[in-house]
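Here's the structure, in structure tokens; my notes come after.
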Amino acid sequence: MKKITKIAFFLSIATLLACHSSPEKAQLSPKVKDELLWRKKQGNVDHIYALVSENGFWNVNHYSIEPGQLQELESHKAFSTEENAEMYLRTFLSKEDIETKKVDAKDLLANNFVTTEVQKEVIWKSENQWSWDWEIKYHEWLKKNFNKNFYIDNKVATDCADGATAIRWIFSRIHKLPAANTLAGSGVVFTNESMKDAWKELPTNEDWRKDKRFIVALDYVLDNTYTHTVFKDGYPIAINKESFLAGTYLLMLQGETGHTMIISYVNNEPKNEVPIRVLSSTGGRIVRPLYESPFWYSVKKGESAILKPRWPIKNGEKFELVPAEKMPHYSLEQFDPNFPGQLKEFNLAVYDRIVPGFKAENLVTDGIDQIFKKIEERAKYVNAGYEFCKKNGCPDGTPEWEEHSTPMRDQQLLEYYNSIEKVVFLVSQMSPNIIDLWNSALSKNIKLNDYTVTLKQLMFTWRYNLYDSNPNVPLNQRWGVASSELIQAFVDRVDRLLAKRSKVVVNNSCKNQCAPDSKEWQDSDSAEFDNSIQRYYIGYIQYCQISNVNCEYFRTVLREKTLTFANRTYNVSTWLERSIWFNSDPRTADDYRWGKLQEIALPIHGLVDNQTIISKNEILMGGKTERRQLYDLKNRKTIDVPAGFAVEDLEATHGIALLIDQNSNKIGAFAPRTQQLISFKISGTPSKVRWQSPNLIAGKTSAGSYFAAKFEGGKFSQVTEFDVYGDEPPRLFYFAQFRPYAGGQELYAPKDIFTISHEKNKYTIYDFSGDELKTTVINHVFRTESPFETLHFVSHVSNSHYLLQVRRQDEKCPNPDQYCGNEKVYSYAVDKVTGNVTAYKFLVGKSLGKNRYVLETQTKKQADQEVYIATLDSTFNIQARDPKIGTAYIYNDNLNGIQLFEGWNSKILKLKDDQTFEEVFKGSQKLNPFLLTETKALIGIENKAGVYNFVTKKMDVEMPWIRAPQMYMTKTSPWYFGGDPTHAGLFRFDDDSYLPIATGATAHLALFQGCGEGLRIPLGAQLDFSEEFHEFENGGGCYSDQNESDGIVFNLVGGRSYYLPPGTRLD
């Protein structure tokens, strides 16, 4: 059989899978496809053909296995399209063979292929066995001997996956340890005791470099293994000093990226250096130096991992790899979403565990240096490759093309940039000077042939994949920085993506008949293409922030160039703007899949920020803080207010606006649609006037006092001025704390209205519930040092007492506003007359009537906490209690049920009568159940989510469930979206329908990680710390508590906002 040489056409499937990228790599992100295998017999010879799509290439590998022999790699071919790969595959397999002779990799193992061709002959004999002591010796040996020039010095050819494999075999050979790897194709475990007949006469030598038998065997191993097999041969480890040693490797198979990197250097003592470094090779197996870099990476279960090799052990005459669970330091902790903790980034958490005291600033400084070095190296490589290919030609798929193309080098450059940017954002909160360092790097000029660009401009080209890795194209096209090449590349990428999307939508086999995540659903789902097109929309907007000079030319070309898909013709600019309304769900009508929602949505640009309010009757208050506006969403028009008045607030239930006239000291209630104004005058200039409930306003005067006024029957009454402690208006609390999201109940239903103010730790309750204002000074000194006490609100009231919720922090907590775990919430009963306090070590939750309440005990150990029903007297002392109904803590007790957490499990109990509860659902931590109505809850079970019916015990509505599902709540409906930024959906209560609205929601809609102070970055968004893009990206805030209408507000990139009217349907 003809042996394929290691230069001509050597490139294992995984090398292309893991180490090369198509022109639309990370941004275009097609799914990683499973390896498709076919087995065909020709006489006594088994032929195995493998077809794999990854990194934008379709790869065909051909293996042959003769009886009693080890496999041979006959050929490897890589193609740019599936059609070309299948055409090549049909030179070996008929159409019928392709359909009928497909096999599973596990089935091949049942064929008992041989593990050696020659008995009693070995590559070397094992005299030692792997143990953790040997792993430590391997670690020390690597630190001393292994560097980026090791394979050059020893003339070992490597590709991407070989960097970690070859050095393990070399160390094992030197120290007489067993070595083993699973072969691609047959799945045979090839070891140091495997032998081909052709090798048995080859001489050996004590020096591995002169051992010809070992050298040819090593060459065979590297020819017949690749990234997927290396992945299978490893096991995930715990991340600590003891286990994270040199020789550990990081393997990534996610999206279109895939790399094998070996940890080559670990220094556990903090120094002025980056203490963890990795080495890696790249595609095209030749003798080359390895690439050295700091450890920047993160992991995701099933796609990437930090691994160590499983040890080979001999069982009878055959070798096996020790099961992962039985290997030292085996752990799945690295895949825990909570692994990064407060550091938020996986790589920073690894440094923190391995090198306590490590300064992340060193990582940023080193990373910036690496970026510029990599750009300089690429420039030399590109220029040399261009000159060679211009003279000799480098057709796609040839060794020359593989040697002079730069996909892996280009991908690493983008990875570096993105990784540094994330770390800069996190470290900047502790070291503000890092931002200056990063901005300085972004603005640094780089000379590239005839053009000079900044790093920021170059990374725009990289981020949107506008460069070219092909060594045959002109130099300007390689870099994509010239205006004409950049714009043409931009149009080409969008055109190509729309074509792929169109093919999926047109060939939709799902329509309304298939379930989410079924095979038909997945085949017809366009989420990946939609998300990629939407990314180019961000680039379309961002370009003018990057290059003011060429901005108008860029926009003009995109407005003039038209594209036609699915009988729809728009210019490129319109296609991009429309893409944010694309719907990826194949069950949706075609018009809506192509963005018809844009035609329905009402533009409200410039009116939406984190203080915007939309009332139940669709009146919007928005605009800039100093000049708030009113807008009628139903009638689509701006509402003018009476002369002299300014908009101060909007009540969300009845849509009445609060206006103030600071010249005449007037406060007015204004009905926007009828233009009716009711006003009153106060002493002093009013400010910070707010609705506190539908029938109470409060604010501050220039005289330093505060006022409150009731609004009943369309007029103001009981205007009360009073003094409180502190500089801010008092905080008001309602007796009706839990406001329902559905069921037709009123949004606000407060029986009593209170406010609490304090100065120097002295609190006063202001009671507005009666006809006159009542005040009660709380006779209690709240702790202002650890363990801190923080007053929450008035949770219940009797005829003689108020009941307060008070949070007591853990004793180790450094400040009262920080959550440190183990905090407890106690109940303090306050006598209305004397202000005396009685403290109870329980939390009073839901009132069941007749002085009966749901109580939760507060104990040191959460597992010991109990939930039960108790009868309380007017002082909230326990008179009687029923047996416990759970050992947990109360998470939610709205409507007629309660949700409890028991460890990581969550369950919902429904009130059966005044006496008992019944369990209606028990779920896991995958998605916390959220009560929607009396009979339903939004839940997650196994690999799906949906609306669970307590009565039928079934899902009424099913939705896609993706990693780390979350909910974005409005008052009438939740956004449900997955953590993979590919799907979003809107659930409406009126008809139990799940409406998938748009794709890429976590990157493009106003769904934020938190509503706290500081920079809010949309999930999945790329970070950029330039001032312009900072403002551009941070275009909104948290809207979930501001919109009381049945419509939905979208806050999109570029400061664009839209309103989706109530009742909008997609079909």
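The values are calculated or read from the model by the stated rules, or taken from the named source; none is laboratory data. Worth saying up front: this structure is predicted, and the values here are computed from it rather than measured. Positions of Cβ are generated from backbone atoms using ideal geometry, with glycine treated the same way; all protein chains shown enter the neighbour counts.
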Filter the stretch 299-319 for residues that are within 17 Å of Val122 (Cβ to Cβ) and among the charged types (D, E, K, R) and give the result.
Lys314, Glu317, Lys318
Determine whether the stretch 291-308 contains at least one residue that is of a type in the set (Lys, Arg), closer than 18 Å to Thr191 by Cα and surrounded by fewer than 20 Cβ atoms within 10 Å (Cβ to Cβ).
no
Sole residue being over 44 Å from the mean Cα position of the chain (by Cα) and under 21 Å from Val114 (Cα atoms), chosen from Ala180, Ala198:
Ala198
Of all the residues that make up the stretch 777-793, how many are modelled with pLDDT under 75, over 37 Å from the mean Cα position of the chain (by Cα) and not in a loop (DSSP other than H, G, I, E, B)?
0
Among the numbered criteria (1) in contact with a helix residue (DSSP H, G or I) (Cβ under 8 Å, 6 or more places away or on another chain); (2) part of a helix (DSSP H, G or I); (3) touching a residue at least 24 places away in the same chain (Cβ under 8 Å); (4) of a type outside the set (A, V, I, L, M), which one does Trp521 miss?
(1)
Residue that is outside the structural domain of Tyr416 (by TED's automatic domain parsing), surrounded by fewer than 22 Cβ atoms within 10 Å (Cβ to Cβ) and in a helix (DSSP H, G or I), where the choices are Asp495, Asp530
Asp495
Considering only the stretch 132-236, give the helices (runs of 4 or more DSSP H) lying wholly within it that have at least 2 residues that are over 23 Å from Ile263 (Cα atoms) and assigned by TED's automatic domain parsing to the domain that holds Tyr291.
212-224
Report, by residue number, each residue of the stretch 187-216 that is small (Gly, Ala, Ser) and in contact with a Leu (Cβ under 9 Å, 6 or more places away or on another chain).
Gly187, Ser194
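Please work out which residue is surrounded by the most Cβ atoms within 10 Å (Cβ to Cβ), limiting yourself to the stretch 655-686 and to residues that are within 25 Å of Glu772 (Cβ to Cβ) and under 42 Å from the mean Cα position of the chain (by Cα). Give the steps one after another, and end with the answer.
Our first condition is that a residue be within 25 Å of Glu772 (Cβ to Cβ); within the stretch 655-686, this holds for 656, 658, 665-669, 678-684, 686.
Filter again for under 42 Å from the mean Cα position of the chain (by Cα), leaving 656, 658.
Working: Ile656: 25, Leu658: 23.
Ranking the candidates gives Ile656 first.
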Selection from the stretch 360-401 of residues surrounded by fewer than 18 Cβ atoms within 10 Å (Cβ to Cβ) and outside any helix (DSSP H, G or I) yields Gly393, Pro395, Asp396, Gly397, Thr398
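Would you be able to tell me the number of residues in the stretch 341-359 that are assigned to a helix (DSSP H, G or I) and farther than 21 Å from Asn268 by Cβ?
Counting residues in the stretch 341-359 that are assigned to a helix (DSSP H, G or I) and farther than 21 Å from Asn268 by Cβ gives 1.
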Residue list for the stretch 190-237, restricted to those being closer than 17 Å to Glu66 by Cα and of a type outside the set (Ser, Thr, Tyr)
Phe190, Met195, Lys196, Asp197, Ala198, Trp199, Asn224
Go through the stretch 647-678 and give me each residue that's of a type in the set (Gly, Ala, Ser), under 28 Å from Ala601 (Cα atoms) and part of a strand (DSSP E or B).
Ala657, Ala671
How many residues, within the stretch 665-674, are in contact (Cβ under 8 Å) with a residue 12 or more places away in the chain and either among the charged types (D, E, K, R) or over 12 Å from Ala646 (Cβ atoms) (or both)?
6
Enumeration of residues in the stretch 531-553 that are more than 17 Å from Arg463 (Cα to Cα), of a type outside the set (S, T, N, Q) and touching a helix residue (DSSP H, G or I) at 6+ places or on another chain (Cβ under 7 Å):
Cys551, Tyr553
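Select from the stretch 261-286 the residues that are of a type in the set (Val, Ile, Thr) and over 11 Å from Gly163 (Cα atoms) and list them in ascending order.
Matches in the stretch 261-286: Val266, Val274, Ile276, Ile286.
When residues of the stretch 846-904 are filtered for being of a type in the set (Phe, Trp, Tyr) and modelled with pLDDT of 75 or more, how many remain?
3
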Just to be sure, is Phe319 touching a Ser or Thr at 6+ places or on another chain (Cβ under 7 Å) and assigned by TED's automatic domain parsing to the domain that holds Asp153?
yes
For the structure I just gave you, tell me whether Asn507 is crowded, with 16+ Cβ neighbours inside 10 Å and in the same structural domain as Thr569 (by TED's automatic domain parsing).
no
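Every residue, every condition in (1) of a type in the set (A, V, I, L, M, F, W, C); (2) at pLDDT 85 or above; (3) in contact with a Gly (Cβ under 9 Å, 6 or more places away or on another chain), yes or no:
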{"position": "Gln254", "(1), (2), (3)": "no, no, yes"}
{"position": "His259", "(1), (2), (3)": "no, no, no"}
{"position": "Val274", "(1), (2), (3)": "yes, yes, yes"}
{"position": "Ser281", "(1), (2), (3)": "no, no, yes"}
{"position": "Val287", "(1), (2), (3)": "yes, yes, no"}
{"position": "Pro312", "(1), (2), (3)": "no, yes, no"}
{"position": "Glu333", "(1), (2), (3)": "no, yes, no"}
{"position": "Pro337", "(1), (2), (3)": "no, no, yes"}
Across the stretch 833-850, the tally of residues that are within 15 Å of Ser795 (Cβ to Cβ) and surrounded by 15 or more Cβ atoms within 10 Å (Cβ to Cβ) stands at 10
Among the residues of the stretch 574-609, write down those that are β-branched (Val, Ile, Thr), surrounded by fewer than 24 Cβ atoms within 10 Å (Cβ to Cβ) and under 21 Å from Asn1043 (Cα atoms).
Ile600, Ile604
